[in-house]
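Chemist: Quick one: the structure is below, and I'll ask about it shortly.
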Amino acid sequence: MNDLSPRPIRFVHQGQIRDVSGLPPTTTVLQWLREHAHCTGTKEGCAEGDCGACTVVVAETDPATGELKRRTVNSCIQFLPTLDGKALLTVEDVSRSAGPDRLHPCQEAMVTCHGSQCGFCTPGFVMSLWHSYETHAEPLPRPALADALSGNLCRCTGYRPILDAGEQMYQAPRVTMDMTPVRALLSDLHRTGAASLVYEGPNAACPGAVQRFHAPRTLSELAALRAARPEARLLAGCTDVGLWVTKQFRDLGEVIYLGRVDELQQISYSTSPSGAPCLDIGAGVTLEEAWSTLSEAMPALREVWLRFASPPVRHAGTLGGNVANGSPIGDSSPILLALDASVVLRHGHTTRELPLHAFYLDYMKNAMQPGEFLQSIRVLLPNAAGERLRAYKIAKRRDSDISAVCAGLWLALDGDTITAARLGWGGMAATARRAVATEAALIGQPWTEATLRRAQAALRQDFQPLSDLRATADYRLRVATNLLERFWLETRPDAPLPAAQAQVWPATC
Amino acid sequence: MNQPTEAFLTGQSASNAAPNAVTSPTAAGRPLPHESARLHVAGEAHYIDDLPELAGTLHCALGLSPVAHGRLLGIDVAALKAESGIAAVITAADIPGTNDCGAIVHDDPILAQGTVHYLGQPVFAVLSADRETARRVAARAASFLQIEPLPAVLTPEAAHAAGSYVVPPMRLQRGNAADAVAQAPHRTSRTLKLGGQEQFYLEGQISYAIPREGRGMHVHCSTQHPSEMQHVVAHALGVHAHDVLIECRRMGGGFGGKESQSAVFACVAAVAARRLGRPVKLRLDRDDDFLITGRRHCFVHEWTVGHDDEGRVLGAQVEMVSRAGFSADLSAPVMARALCHFDNAYWLPHVDVQGFCARTNTQSNTAFRGFGGPQGAFAIEYILDDIARALGRDALDVRLANLYGTTQHNTTPYGQVVEDNVLHPLIDQLVSESAYRARREAATAFNQNSPVLKKGLALTPLKFGISFNVVHLNQAGALVHVYTDGSILVNHGGTEMGQGLNTKVAQMVAHTLGVKPERVRVTATDTSKVVNTSATAASTGSDLNGKAAADAAQQIRTRLAQHLSERHGLPADAVRFADDQVHVGELALAFEDVVMGAYMARVQLWSDGFYATPKLHWNRETMTGRPFYYFAYGAAVSEVLVDTLTGEWKLLQADVLHDVGQSINPALDIGQVEGAFIQGMGWLTSEELYWHPQSGKLMTHAPSTYKIPTASDLPEAFNVKLFANRNVEDSIHRSKAVGEPPLLLPLSVFFAIRDAVSAVGSHRVSPPLRAPATPEAILDAVDAVKAAL
């Protein structure tokens, strides 16, 4: 792969294949749209993937099925080279799909329901509504529609008319965008340039320097590239690294993008050495796919899935990225710790498996060696009758908010007695971490209120959290001990409370 | 759902048709979509950053102070200029005119000079052909600045303790509050913190300045106040107002944040454009927008109140301290409105309310929808809530016991008579339609059997004064042009920020001329057309500009009627304008034919229009007079579910009945009511501002850290209705202003949360719940109630 020569970024936009070169590799899709393609329908509201004014749809061919996959993403934090081999669809395409001087039903419904006031967030909502329209033949129930729109902020309307539009858009005769030309262009692209991408452009962070962006297509290619370039920056979903550029102006140096390696985007079922069923989730699997699969296997995780960032972020961000990034407030790690997940690390041709709790060393430090990368995450699925699992997230807002505290709580009960415990916590320490003393206080004890109180006391020994803008240390500790109480109320052998009596956002259990 | 009853509206507008004007259906009263809706949804509505850039355009970024307070010893301009891609550097020394853009008091430097007053204050500007290059250099501001740090005052409490204010303290008094409190059978007192709020307009601040010939400067500015931008830019450039043109087609939201605070950006862009002789665009990144500009003032209220056995307030002594920030900006009028809305909907016989605008080394706080009114009203609602709990009564009954009367007990503490109090029937209707009493019983029953989750219910009313508190601001102008093809172009001094002002103005022009609204287009606001305008603020946009535009249209109609009566030999009152036609006796003429005929007869087919709100007077010293033309009313019932283990909560249902008089456009009005409700709910719950306690840096400076409501925060049942009413004053179409008043409706959400927390202690303890009621604040209150039991 080292002998690949740099070539332009090639993607489909407005019925044409665009060849882009000469721009920094960290140019965002939004910058390209607005400043270079002069398509100003897509707006910048925050440049950090949190407001949705920049929402676009990226279409690509699913290597497994050959189908066209369409996902909403935040164009403000996606680097342009990540579009290579894909198609970019924007509000201008949606407008055109209904024919000249007409609006698409989702746009028409926004007009008749009075879903726009200042109008600045509107193109982003149109894209999320259109994506929902294209992916669902029937109107979504309102709560599900609200979840689908959780990545779009509107400061004017209060959302009611937009939710109305999401229902009403189905009342008009259905308008389906003809994707045949996009498919044809994508297959043209693949015929002429299916190979890995090496792109070179000016380094925006370092005037005069050249920045290189690699997008390998195969796992072995990636492994060799990574081994040869241990100092290069690995990039998966751009949902965090994107902000390093748009907000922190960091120099990423050479970039290796994982998003074009099909083998990393697979989920498979296997069996652990102990015979337990396992899920193997490739490091490039999106958060949306990973969490929907996990939630299907373990319905207790569903609420955290829905509250984890927003659809456009989950469509771009990856489970591997969330785990490897190792933020103390990432929502995957506490839950994966409770599930006793392990990480499969690869260097060249060799792989090694490490329990997740041994992966995190300290604040933003992990056990990965130079040249290594995260290949997959192995999750043990609960399979015994006595197991109890819950996932709780505490934040100021239900949707798309970073956790003050996030917890994955798992117990194995033999009758009334706790035989094993794994309590994963985020927001409580420099890394996501298990509560070792608390687990010790539980194991071998009956799952009673007295045991709960001892566990709560132990939890106060396990953690000394920080105060910051999201919560004080005191609240973090209090709410964490109270979450243990909620866990007990919901899972105690004697008269457990249904989730609807213990939570305002009850998880499905 | 939530559609107003159309029969009522069409019926009302028909019965209210001005004599000699129109018959139904008229353009006024119809729920027409926003004039730009089709452009919005297609991505074709142009905001300033969407305008094609002129050749040679430079992009500007601001270098911000890295400290909260300090002596500015030097800026390494040479090093900045040496940075790759930097075309120019602008500092205070480059401002040809006055280095000030203060709205009222002249204490707002455009670029820091001598002293830096807050972390985030613009100190210099860099320009580059590439926006990102400019931003990258500006982001390293600290390394180019030499600043000697000084002690910083970071909280309003600290500033108040030091007696440091941006304007002199204010006092609104009636009767003898001290005696009334002392002699009352019961007393209650408290200190209460109420957070501020970021406007979070989706389109950030932006100005695009284009140098014109001579001393001319044309600035496309996202602003609610083009005339003020014109003045500050003229002063900064040292030119006259007639040299500066400010244009604003639309804003992507304003909410008060682009009233005075668009000034610094307009000025920097204009100064740079003048210096360099090139177009300059200054579009802020969201984080910089948060760090530079101010927002809704947070308040600290302290009160002692005396009341009787029925819960009636006999006397209230209140001290309000606001976080003004480093300069005056609009803090004085915000505080004046807070003092004038402490009464909210209630008769308070003896009042002594003092207001202190505390000077802090933080962003200079400014206008935000409600303009102090919500903060003032919040205090009395909290007081009544405390009284209810002290007496063991439903808070609604205490609120009802204190409501303004209609024939007595109807004079505000500042001396204005509440002339059209509709609160009694409005609340009666809402109590009945929301089944408040039955739901109260149901909530009580639920709480008895629910150990973790508690339900809470609250009804809060509102009364909101409409007009600028400063009399001379209550004026507006408009131009109406009728072209020979029968199309109509309107220009007025108001600005469109999403509220639908242009739609309403177009409807009123169409209504006045009896034509279909499709004939009417409203153009961008432009200081070279209608001049000396007031900010589109204080909810007065439609009241003022609608009247001015209707006045202009009326003059044209009068001329057309005169022309037709002469031509047809009929009296002028035989000419009627309706149904997109002109009826002359038995004859029905197409509007465009009439227009063409009038043109041929050399009749003037365009007109100016003007409006000044009558009856207003205000004495700023004594804080008495009639500051408001009229009042708007409303009430809301909210029901919440609170998790007493975590402090998480959910709004289950909200029922709203709001008074917009006779609506010009019920769809837009409902949109304003609902939008304000959710926005105000965000203010009181999830939207928390957090300044670093040592550095003074605002840490919640983007949507990742500052959480405005999302679609899931909408209640499952949201029943919003307009109250059947018409303005007793001769307002435009007998409607009432709607921008700000409904922001008080979600006080009901806060007090429902407080009610649920109170249920933890069987309503025997008043929860010390602060605002915003984040999960942490709620859990703190839950734990305080438990501790007090």
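The values are calculated or read from the model by the stated rules, or taken from the named source; none is laboratory data. Just so you know, these numbers come straight off a predicted model, no measurement behind them. Glycine also receives a Cβ, built like all others from the backbone with ideal geometry; neighbour counts cover every protein chain displayed.
Chemist: Check B:Thr412, B:Thr407 and return the single one that is of a type in the set (Ser, Thr, Tyr), under 33 Å from the mean Cα position of the chain (by Cα) and buried (at least 20 other Cβ atoms within 10 Å of the Cβ).
Modeler: Only one candidate passes the filter, namely B:Thr412.
Chemist: Could I ask something else about it? Please determine whether any residue of region B:50-62 is outside any helix (DSSP H, G or I), at pLDDT 95 or above, more than 14 Å from chain A (Cβ to nearest Cβ) and under 28 Å from the mean Cα position of the chain (by Cα).
Modeler: Yes, there is a match, as at least one residue in region B:50-62 is outside any helix (DSSP H, G or I), at pLDDT 95 or above, more than 14 Å from chain A (Cβ to nearest Cβ) and under 28 Å from the mean Cα position of the chain (by Cα).
Residue-by-condition table, conditions (1) of a type in the set (D, E, K, R); (2) under 30 Å from A:Gln248 (Cα atoms); (3) surrounded by fewer than 22 Cβ atoms within 10 Å (Cβ to Cβ):
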{"residue": "B:Leu282", "(1), (2), (3)": "no, yes, no"}
{"residue": "B:Asp287", "(1), (2), (3)": "yes, yes, no"}
{"residue": "B:Leu291", "(1), (2), (3)": "no, yes, no"}
{"residue": "B:Asp309", "(1), (2), (3)": "yes, no, yes"}
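Chemist: Output the residues belonging to region B:674-691 that are facing chain A (nearest Cβ under 7 Å), assigned to a helix (DSSP H, G or I) and of a type outside the set (Phe, Trp, Tyr).
Modeler: Once the filter is applied, which keeps residues that are facing chain A (nearest Cβ under 7 Å), assigned to a helix (DSSP H, G or I) and of a type outside the set (Phe, Trp, Tyr), region B:674-691 yields B:Glu674, B:Gly675, B:Ile678, B:Gln679.
Chemist: Here's a check for you: in region A:254-264, which residue that is in contact (Cβ under 8 Å) with a residue 60 or more places away in the chain and not in a loop (DSSP other than H, G, I, E, B) is farthest from A:Ala236 (Cα to Cα)?
Modeler: Ranking the qualifying residues of region A:254-264, first place goes to A:Asp262.
Chemist: Looking at (1) modelled with pLDDT under 95; (2) in contact with a helix residue (DSSP H, G or I) (Cβ under 8 Å, 6 or more places away or on another chain), can you tell me which one A:Ala341 breaks?
Modeler: (1)
Chemist: Another question, if that's okay. Going residue by residue through region B:171-178, is there one that turns out to be in contact (Cβ under 8 Å) with a residue 12 or more places away in the chain, touching a helix residue (DSSP H, G or I) at 6+ places or on another chain (Cβ under 9 Å) and surrounded by 20 or more Cβ atoms within 10 Å (Cβ to Cβ)?
Modeler: Yes, there is a match, as at least one residue in region B:171-178 is in contact (Cβ under 8 Å) with a residue 12 or more places away in the chain, touching a helix residue (DSSP H, G or I) at 6+ places or on another chain (Cβ under 9 Å) and surrounded by 20 or more Cβ atoms within 10 Å (Cβ to Cβ).
Chemist: Can you give me the number of residues within region A:25-60 that are over 25 Å from the mean Cα position of the chain (by Cα) and either among the basic types (Lys, Arg) or within 11 Å of chain B (Cβ to nearest Cβ) (or both)?
Modeler: Of the residues in that region, 6 qualify.
Chemist: Could you grab me the full set of residues in region A:64-99 that are within 14 Å of chain B (Cβ to nearest Cβ) and in contact with a Leu (Cβ under 7 Å, 6 or more places away or on another chain)?
Modeler: Residues satisfying the conditions are A:Ser75, A:Cys76, A:Ile77, A:Leu80, A:Thr90, A:Ser95.
Chemist: Which residue out of B:Lys281, B:Lys258 is touching a residue at least 24 places away in the same chain (Cβ under 8 Å) and assigned to a loop (DSSP other than H, G, I, E, B)?
Modeler: Just a single option satisfies the conditions, and that option is B:Lys258.
Chemist: Oh, and also: Could you run through region A:131-163 and say how many residues are away from chain B (no Cβ under 12 Å), within 24 Å of the chain's Cα centre (by Cα) and farther than 22 Å from A:Glu44 by Cα?
Modeler: 4
Chemist: Filtering region A:79-118 down to residues that are acidic (Asp, Glu) and part of a loop (DSSP other than H, G, I, E, B), which residue is modelled with the lowest pLDDT?
Modeler: A:Asp101
Chemist: Return the residues of region A:386-438 that are surrounded by fewer than 22 Cβ atoms within 10 Å (Cβ to Cβ), within 17 Å of A:Leu459 (Cα to Cα) and in contact with an Asp or Glu (Cβ under 7 Å, 6 or more places away or on another chain); say none if nothing qualifies.
Modeler: A:Arg422, A:Ala430, A:Val436, A:Ala437
Chemist: Tell me which of these B:Leu384 doesn't satisfy, since it passes every other one: (1) in contact with a His (Cβ under 7 Å, 6 or more places away or on another chain); (2) within 28 Å of B:Cys357 (Cα to Cα).
Modeler: (1) is the only condition that B:Leu384 fails.
Chemist: Still on this structure, I have one more. Failed condition for B:Ser695, given (1) surrounded by 24 or more Cβ atoms within 10 Å (Cβ to Cβ); (2) more than 9 Å from chain A (Cβ to nearest Cβ), with all others met?
Modeler: Only one criterion in (1) surrounded by 24 or more Cβ atoms within 10 Å (Cβ to Cβ); (2) more than 9 Å from chain A (Cβ to nearest Cβ) is unmet by B:Ser695, namely (1).
Chemist: Take the conditions free of Cβ contacts under 8 Å to residues at least 24 places away in the same chain, in contact with a strand residue (DSSP E or B) (Cβ under 8 Å, 6 or more places away or on another chain) and in the same structural domain as B:Asp386 (by TED's automatic domain parsing) and apply them to B:Met681. Does it pass?
Modeler: no
This table checks each residue for (1) more than 10 Å from chain B (Cβ to nearest Cβ); (2) in a loop (DSSP other than H, G, I, E, B).
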site: A:Leu129; (1), (2): no, no
site: A:Ala165; (1), (2): no, no
site: A:Leu185; (1), (2): yes, no
site: A:Ala204; (1), (2): no, yes
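Chemist: Being small (Gly, Ala, Ser), surrounded by fewer than 24 Cβ atoms within 10 Å (Cβ to Cβ) and either at pLDDT below 95 or within 27 Å of the chain's Cα centre (by Cα) (or both): is that true of B:Gly102 here?
Modeler: Criteria met by B:Gly102.
Chemist: Right, something else. Just give me the residues in region A:463-485 being assigned to a helix (DSSP H, G or I) and either more than 30 Å from B:Pro703 (Cβ to Cβ) or out of contact with any Phe, Trp or Tyr (no Cβ under 7 Å at 6 or more places or on another chain) (or both), in sequence order.
Modeler: A:Ala473, A:Asp474, A:Tyr475, A:Arg476, A:Arg478, A:Val479, A:Thr481, A:Asn482, A:Leu484, A:Glu485, listed by residue number.
Chemist: List every residue pair whose Cβ atoms lie under 9 Å apart, where the two residues are 6 or more positions apart in sequence or sit on different chains, the first residue falls within region B:92-107 and is over 16 Å from B:Ala125 (Cα atoms), and the second residue, located anywhere, is modelled with pLDDT under 95.
Modeler: B:Thr98/B:His106
Chemist: Let me ask something else. Considering only residues that are among the charged types (D, E, K, R) and in contact (Cβ under 8 Å) with a residue 12 or more places away in the chain, look in region B:208-230 and name the one that is surrounded by the fewest Cβ atoms within 10 Å (Cβ to Cβ).
Modeler: Among those residues, the one meeting the criterion is B:Arg212.
Chemist: Sort out which residues of region A:105-127 are facing chain B (nearest Cβ under 7 Å) and crowded, with 24+ Cβ neighbours inside 10 Å, and write them in order of number.
Modeler: Across region A:105-127, the qualifying residues are A:Gln107, A:Met110, A:His114, A:Ser116, A:Gln117, A:Cys118, A:Gly119, A:Phe120, A:Cys121, A:Thr122, A:Pro123, A:Val126.
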